[in-house]
Amino acid sequence: MEILGFCKADEIPIVALSKPYYIGTESVKKRGVGKSFILLKEAMEKINKIVVVKWVSRTNEYIGMLESYDKGFLLKQMYYQEQIRPSKEIEIIDTEVKPDLVEKGVKVIEKMTFKFNWSEYQEEYTAEVKKLIERKALGDELELESIKTPETRSVELELEKMLDGV
């Protein structure tokens with residue numbers, strides 16, 4: 001992994017971030033040292049910077065940001081700018097929104113605000129598909145009704161419903 005330089009985390013566009021990986025030291029048995037690792041971690045924490053890095057894995061070159069996390073580092077793989085579709089290409093219908101409607105929107109948001117607890121969320125669809133595959137492997141007959149695909153709804157229609165309720 002090559003260190004390209006240091007910057008503030010908020011200089012990295014959130015749209016560029018992809019997969020997270022934990023980075024720790026090598027074990028002493030594998031001749032891991034740890035001193036340079038801890039030095040880098042503590043120095044970065046002291047001046048509130050992240051590392052921009054580059055590495056090659058198999059046949060691809062990647063860039064990422066390495067930030068202090070828990071006892072080690074968190075490497076977040078990044079997309080290159082040309083891999084991200086520019087937001088200018090997204091169609092947005094320009095319209096005026098009256099201040100009273102914005103206030104309704106604020107009330108809806110306040111009503112639906114909660115303390116986020118990441119541990120409460122599990123990827124349920126894949127787990128259900130795996131259960132069905134296991135049942136099928138055991139010879140069970142499956143009915144199409146037992147396969148429930150995740151519901152996809154229009155964000156705009158959902159917002160309209162919420163605003164109607166205020």
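The values are calculated or read from the model by the stated rules, or taken from the named source; none is laboratory data. Keep in mind it's a predicted model, so treat the numbers as computed, not measured. Neighbour counts run over all protein chains shown; Cβ positions are idealised from the backbone, glycine included.
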Conditions (1) of a type in the set (Val, Ile, Thr); (2) modelled with pLDDT of 85 or more; (3) under 25 Å from the mean Cα position of the chain (by Cα); number of the one not met by Val102: (3)
Consider only pairs whose beta carbons are under 7 Å apart and that are at least six residues apart or on different chains; among these, list those whose first residue lies in segment 125-146 and is among the basic types (Lys, Arg) and whose second residue is modelled with pLDDT under 80 and not in a helix (DSSP H, G or I). Arg135/Leu142; Lys136/Leu142
Somewhere in segment 74-82, is a residue at pLDDT 90 or above, of a type in the set (Phe, Trp, Tyr) and within 21 Å of the chain's Cα centre (by Cα)? yes
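Residues are listed down the side, and each one gets a yes or a no for (1) surrounded by 15 or more Cβ atoms within 10 Å (Cβ to Cβ); (2) of a type in the set (Asp, Glu); (3) in contact (Cβ under 8 Å) with a residue 40 or more places away in the chain:
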{"position": "Cys7", "(1), (2), (3)": "no, no, yes"}
{"position": "Glu11", "(1), (2), (3)": "no, yes, no"}
{"position": "Lys35", "(1), (2), (3)": "no, no, no"}
{"position": "Val51", "(1), (2), (3)": "yes, no, yes"}
{"position": "Lys54", "(1), (2), (3)": "no, no, yes"}
{"position": "Leu66", "(1), (2), (3)": "yes, no, yes"}
{"position": "Phe73", "(1), (2), (3)": "yes, no, yes"}
{"position": "Gln81", "(1), (2), (3)": "no, no, yes"}
{"position": "Glu89", "(1), (2), (3)": "no, yes, no"}
Consider Val51 against the criteria (1) touching a helix residue (DSSP H, G or I) at 6+ places or on another chain (Cβ under 9 Å); (2) within 30 Å of Asp164 (Cβ to Cβ); (3) β-branched (Val, Ile, Thr): it satisfies all of them except one. Which criterion is unmet? (2)
Inside segment 1-37, the number of residues satisfying the requirement of being at pLDDT below 85 and in a helix (DSSP H, G or I) is 6
